[in-house]
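*Asks:* What follows is a structure written as structure tokens; I'll ask about it next.
Only the coordinates and a few stated rules stand behind these numbers; no lab work does. Model, not experiment: these values are computed from the prediction.
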């Protein structure tokens, strides 16, 4: 199981690198969670994204199923699942949860990238392609 939550984020300490990505024709600036520790921390206890940041991109070393939850995550989020070729294979809205048990959100298949964005900001369609830095 891969968790999108795990500890308070100190944006000033430079815990996460930032990068530019595109999904379809939309350019976004995202924080990058590319280690088990960063993926576990995710956006837990973040009350709002820092100015200029559009979301968080979870990056895996290999394509595999992933599961996320919203425990102690204050921001309503949309989750976007991208396969090993960068194609969008699914999405779901996720609501904050502060008391266990929280809903789990499993990928619809193996994924290489998972994007979290504030809820209802973007509308990506199935098959849209993710391009990274």
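*Asks:* When the chain is fully extended, how far beyond the present Cα-Cα distance does residue 20 get from residue 40, taking 0.36 nm per residue of separation?
*Replies:* The span from residue 20 to residue 40 would gain 5.0 nm if fully extended.
*Asks:* Express the Stokes-Einstein translational diffusion coefficient of segment 11-132 in µm² s⁻¹, to the nearest whole number, given a Kirkwood radius over alpha-carbon pairs, 20 °C and a viscosity of 1.002 mPa s.
*Replies:* 149 µm²/s
*Asks:* Could you tell me the distance between the Cα centroids of segment 75-133 and segment 28-52, to the nearest Å?
*Replies:* Cα centroid to Cα centroid, the span is 14 Å.
*Asks:* To continue, here is another question. How much length is gained if the chain between residue 95 and residue 123 is pulled fully straight, taking 0.36 nm per residue apart and subtracting their Cα-Cα distance, in nm to one decimal?
*Replies:* 8.4 nm
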